[in-house]
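As structure tokens, the structure follows; a few thoughts come after it.
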């Protein structure tokens, strides 16, 4: 959205270049505020509900810390397992319509693809999609994009995606967002994966429609040539139908010091985390390893989103 | 209580007409404050413990949001399953005596009937009963009553209870509270249910002793004639001893547009929620459907209770 | 530490007599503040993460209440069972490195002995050890020690430990801390247990190396002669290899009114809680029963630790 105020955020498709520029500015202000003062009081007396029907540490915690640092408060609903609403067979719509009576905005993660956009139809408070199955996770794509611009201080020219590009929700969202933020630009997106984990055609289509070039690779070193950004993702066992399929590709890419020696000296490495083995811990000390800065940015970007949506972009 | 300050709230039997009047006034003030400012700081530096040994979304969240909106904070203890105290076989009394060392007031839900009144004997901080088994749930009855007066702007004359009146803790508490708030009045309570789910004699006795009239119905349309309030409850499968018993009555009442066409044009529909099928979602758009307003009132009434009990009825 | 600011707290070995004195002073100030005002705002805009991979009610709640009463906020991560990080096989180091991006300090409990000191090596924010397996639980030892000095208003001469001295992490930490706080003093530590639950030699060694006397007892009444402090611990069934071993000692010591009649008139009784049967509830009314005061002190001591570590020992 250009004007974020009062809006729900369900998909990266809503993000305009202007809206993103505003978000970058406010996110950087948030970082300054946190580093100098810890936070401010602009969201005093505002209450956020963080409602998670699926496990999450990073997303829920960063939203909660974001709200706290702006002087607001949050209530958390763990919708997994034992929760009251689930046990009593209440519809998701009803649960959210009840909770919105108490709060000013809602962060919602749900395992069912499409569930969050559907819920938004019946609510009156802004709902921020924190992941709906293999659907969208727009705040992740926004913090990824913010980190790219923040690290480069310029438009990216070549961005490499590495790993499981078939199942990776974050890759899909980020590739779409980058294409639509800089349509008809010189941006090149490179997709590097084993064949059985290659990027879906729908994403390539999306790039093409936005006039953004893409290239397909299997070799990580080649893919990284002249690149400014390497975006690594985890190959998740649970996404494979057979043990064999997983075994055939697991560990196919490992970003370690040996690889880092062969790639551009200023190529930034990102990862949505958690990682398992796809980035060796020895890389953490490399100044190009930006994934923990990316993690920190997650809080600043979510502070900015909350401030914008709740109409408090100025303190 | 007339004077709420420092008092525990374990039963609707404690509520006097004067005490209720005060609660209504403060609850309406709370609504004004939330709508204009989001909240205030009257409970700054106060800490509430919300301790739930049974699943709850609405009750715990509304207390937590209520505390937050008054500038206070809360700590939450999930007493189900994995909790430390339960594992270590600590008595409920000891657990509560420990937690009260840290906080200014306690909200407690426990599956065992009578557990909350028992705990109150050994605590020094105010304890608010958020449900003790099939015992009491006084803050629910108070928010229901508040909603009745707030919607009608007058004393109710005819209130209809519909659904499972045998097991429904909220029905029992509300029927008792209404009788004792307007004893010897022209109030008529109508209890409409299948025979096997009829209202216990003890509740009818309570009405009679307070000089309040009651009537028994099986037909919903007839029960609603000239009524101002229809209070609907869910028929909960888990309360039945056999599948057959449940099957014989499930879906016996459905409040839908067809029924709404036959009842008084200004008859308000309430429900403690969650609902399953007993109110069709098509009714939600009817201005007489007040159950989401009732939900919202839950926060205002709990803000008022917390403010009164903690001695901060003025900001 | 003497200077607490910015420091992690992983072991009682870090505590100097000067550092402890400072903690006592600040803890007493915290009690005054809570009793008069409920709290203050010195930790405004600071965020604490409480991360528990093992069940805890008292420790997590008292840290959360402590943070709240100083105007700060907390986010809670339940690392048991269903948590996101555990499911995704992220290393503990990575999880903590992510969470520290959002917060100013971390409270961490983990079942693996040595895990917390290990994590501290890779973090940049202060980490407070809230228990690492059978390793350390330093804030418990600090609140126990604070209570001893606060109750006696003087150095203790004779302290008796009673119960399971073999497995009791709190006993080990407290015995070590007392020895090192008053080395070469007239302090006598008495260890009273069944033989199969006797205090490990390493602890006795620690006492000896600090020039502190110790004595071994099996009879509780004899152990308490001329004592000022009786520190009771629970005999935990889950620590025994066989049912028989547990049965042979369970209930071997019960502190009841009969025992209290035979011990010094001013001997203070402490217990880390929860208790099961080892202290009869009839003792609670005895003015020498200090375990609920000890519980309350837990919050003041943790407020002091948070204030010191976050550099806000003055308001």
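The values are calculated or read from the model by the stated rules, or taken from the named source; none is laboratory data. If you're wondering where the values come from, they're calculated on a predicted model, not measured in any experiment. Cβ coordinates were reconstructed from backbone atoms using ideal geometry, including for glycine residues, and neighbour counts include every protein chain displayed.
Before we move on, is residue A:171 surrounded by 22 or more Cβ atoms within 10 Å (Cβ to Cβ) and over 21 Å from residue A:58 (Cα atoms)? Walk me through how you get there before you give the answer.
Details: surrounded by 22 or more Cβ atoms within 10 Å (Cβ to Cβ): yes; over 21 Å from residue A:58 (Cα atoms): no.
Against the criterion (surrounded by 22 or more Cβ atoms within 10 Å (Cβ to Cβ) and over 21 Å from residue A:58 (Cα atoms)), residue A:171 does not qualify.
State all residues of segment B:34-60 that are crowded, with 19+ Cβ neighbours inside 10 Å, more than 7 Å from every other protein chain (Cβ to nearest Cβ) and part of a helix (DSSP H, G or I); if no residue qualifies, say none.
Across segment B:34-60, the qualifying residues are B:34, B:59, B:60.
Can you name every residue in segment C:1-18 that is assigned to a helix (DSSP H, G or I) and surrounded by fewer than 19 Cβ atoms within 10 Å (Cβ to Cβ)? Before you say what the answer is, go through the steps one by one.
Of the residues in segment C:1-18, the ones assigned to a helix (DSSP H, G or I) are C:12-14, C:17-18.
Across segment C:1-18, the qualifying residues are C:13, C:14, C:17, C:18.
Quick check: is even one residue across segment A:247-265 assigned to a loop (DSSP other than H, G, I, E, B), within 14 Å of chain C (Cβ to nearest Cβ) and in contact with a helix residue (DSSP H, G or I) (Cβ under 7 Å, 6 or more places away or on another chain)?
Within segment A:247-265, none of the residues are assigned to a loop (DSSP other than H, G, I, E, B), within 14 Å of chain C (Cβ to nearest Cβ) and in contact with a helix residue (DSSP H, G or I) (Cβ under 7 Å, 6 or more places away or on another chain).
Among the residues of segment A:280-307, which ones are more than 22 Å from residue A:25 (Cα to Cα) and at the interface with chain C (Cβ under 10 Å from one of its Cβ atoms)?
From segment A:280-307, those more than 22 Å from residue A:25 (Cα to Cα) are A:280-289; that's our starting set.
Across segment A:280-307, the qualifying residues are A:281, A:284.
What tally of residues in segment C:273-289 results from selecting those that are in contact with a strand residue (DSSP E or B) (Cβ under 8 Å, 6 or more places away or on another chain) and either in a strand (DSSP E or B) or closer than 27 Å to residue C:238 by Cα (or both)?
Narrowing segment C:273-289 to residues in contact with a strand residue (DSSP E or B) (Cβ under 8 Å, 6 or more places away or on another chain): C:275, C:278-280, C:283, C:286, C:288-289.
From what is left, the residues that are either in a strand (DSSP E or B) or closer than 27 Å to residue C:238 by Cα (or both) are C:275, C:278-280, C:283, C:289.
Adding up the residues that qualify gives 6.
Given the structure, is residue A:50 free of Cβ contacts under 8 Å to residues at least 24 places away in the same chain and under 20 Å from the mean Cα position of the chain (by Cα)?
Numbers: free of Cβ contacts under 8 Å to residues at least 24 places away in the same chain: no; under 20 Å from the mean Cα position of the chain (by Cα): yes.
No.
May I ask you to list pairs of residues, at least six apart or on different chains, whose Cβ atoms are under 8 Å apart, with the first in segment C:298-315 being modelled with pLDDT under 95 and the second being in a helix (DSSP H, G or I) and buried (at least 24 other Cβ atoms within 10 Å of the Cβ)?
C:313/C:304; C:313/C:307
Return the residues of segment A:87-99 that are outside any helix (DSSP H, G or I) and crowded, with 23+ Cβ neighbours inside 10 Å; say none if nothing qualifies. Before the answer, list the steps.
Taking segment A:87-99 as the starting set, the residues that turn out to be outside any helix (DSSP H, G or I) are A:88-91.
Listed by number, the list is empty, since nothing qualifies.
Looking at (1) more than 9 Å from every other protein chain (Cβ to nearest Cβ); (2) free of Cβ contacts under 8 Å to residues at least 12 places away in the same chain; (3) touching a helix residue (DSSP H, G or I) at 6+ places or on another chain (Cβ under 6 Å), which is the one condition that is false for residue A:101?
Of the numbered conditions (1) more than 9 Å from every other protein chain (Cβ to nearest Cβ); (2) free of Cβ contacts under 8 Å to residues at least 12 places away in the same chain; (3) touching a helix residue (DSSP H, G or I) at 6+ places or on another chain (Cβ under 6 Å), the odd one out for residue A:101 is (1).
Identify, from the list C:20, C:63, the residue that is within 11 Å of another protein chain (Cβ to nearest Cβ), more than 17 Å from residue C:314 (Cβ to Cβ) and touching a residue at least 40 places away in the same chain (Cβ under 8 Å). Spell out how you get there, then give the answer.
Numbers: C:20 fails: within 11 Å of another protein chain (Cβ to nearest Cβ).
Result of the check over C:20, C:63: C:63.
Which of the numbered conditions does residue A:251 fail, given that it passes all the others? Conditions: (1) on the phi > 0 side of the Ramachandran plot; (2) under 22 Å from the mean Cα position of the chain (by Cα).
Here residue A:251 clears every test but (2).
If you check C:124, C:113, which single one turns out to be in a loop (DSSP other than H, G, I, E, B), more than 9 Å from every other protein chain (Cβ to nearest Cβ) and touching a helix residue (DSSP H, G or I) at 6+ places or on another chain (Cβ under 9 Å)?
Numbers: C:113 fails: touching a helix residue (DSSP H, G or I) at 6+ places or on another chain (Cβ under 9 Å).
Step by step, each of C:124, C:113 is checked, and only C:124 is in a loop (DSSP other than H, G, I, E, B), more than 9 Å from every other protein chain (Cβ to nearest Cβ) and touching a helix residue (DSSP H, G or I) at 6+ places or on another chain (Cβ under 9 Å).
Here are some residues: B:130, B:141. Which one is surrounded by 21 or more Cβ atoms within 10 Å (Cβ to Cβ) and within 14 Å of residue B:24 (Cα to Cα)? Give the steps one after another, and end with the answer.
Values: B:130 fails: within 14 Å of residue B:24 (Cα to Cα).
Result: B:141 is the single residue among B:130, B:141 that is surrounded by 21 or more Cβ atoms within 10 Å (Cβ to Cβ) and within 14 Å of residue B:24 (Cα to Cα).
Which ones in segment C:248-268 are free of Cβ contacts under 8 Å to residues at least 40 places away in the same chain and either within 18 Å of residue C:168 (Cα to Cα) or buried (at least 17 other Cβ atoms within 10 Å of the Cβ) (or both)?
To start, the set of residues in segment C:248-268 that are free of Cβ contacts under 8 Å to residues at least 40 places away in the same chain comprises C:250-251, C:254, C:256-261, C:265-266.
The answer is C:250, C:251, C:254, C:259, C:260.
Only one of (1) modelled with pLDDT of 95 or more; (2) crowded, with 21+ Cβ neighbours inside 10 Å; (3) within 30 Å of residue C:128 (Cα to Cα) fails for residue C:224. Which number is that?
(3)
Can you tell me which residues in segment A:65-83 are over 16 Å from the mean Cα position of the chain (by Cα), more than 18 Å from residue B:55 (Cβ to Cβ) and surrounded by 24 or more Cβ atoms within 10 Å (Cβ to Cβ)? Talk me through it step by step, then tell me what you get.
First, the residues of segment A:65-83 that are over 16 Å from the mean Cα position of the chain (by Cα): A:65, A:67-83.
Then keep just the ones that are more than 18 Å from residue B:55 (Cβ to Cβ); that gives A:65, A:67-74.
Correct list: A:65, A:67, A:68, A:69, A:70, A:72, A:73, A:74.
Residue under question is residue A:108, and the condition is that it be under 21 Å from residue A:187 (Cβ atoms), within 16 Å of the chain's Cα centre (by Cα) and at pLDDT 95 or above; does it hold?
Numbers: under 21 Å from residue A:187 (Cβ atoms): no; within 16 Å of the chain's Cα centre (by Cα): yes; at pLDDT 95 or above: yes.
In short, no.
Grab the helices (runs of 4 or more DSSP H) fully contained in segment A:128-242, keeping just those with 3 or more residues being out of contact with any strand residue (DSSP E or B) (no Cβ under 9 Å at 6 or more places or on another chain) and touching a residue at least 60 places away in the same chain (Cβ under 8 Å). Break it down into steps so the answer makes sense when it comes.
Values: elements: A:138-152, A:169-181, A:201-209, A:220-223.
Qualifying helices (runs of 4 or more DSSP H): A:138-152, A:169-181.
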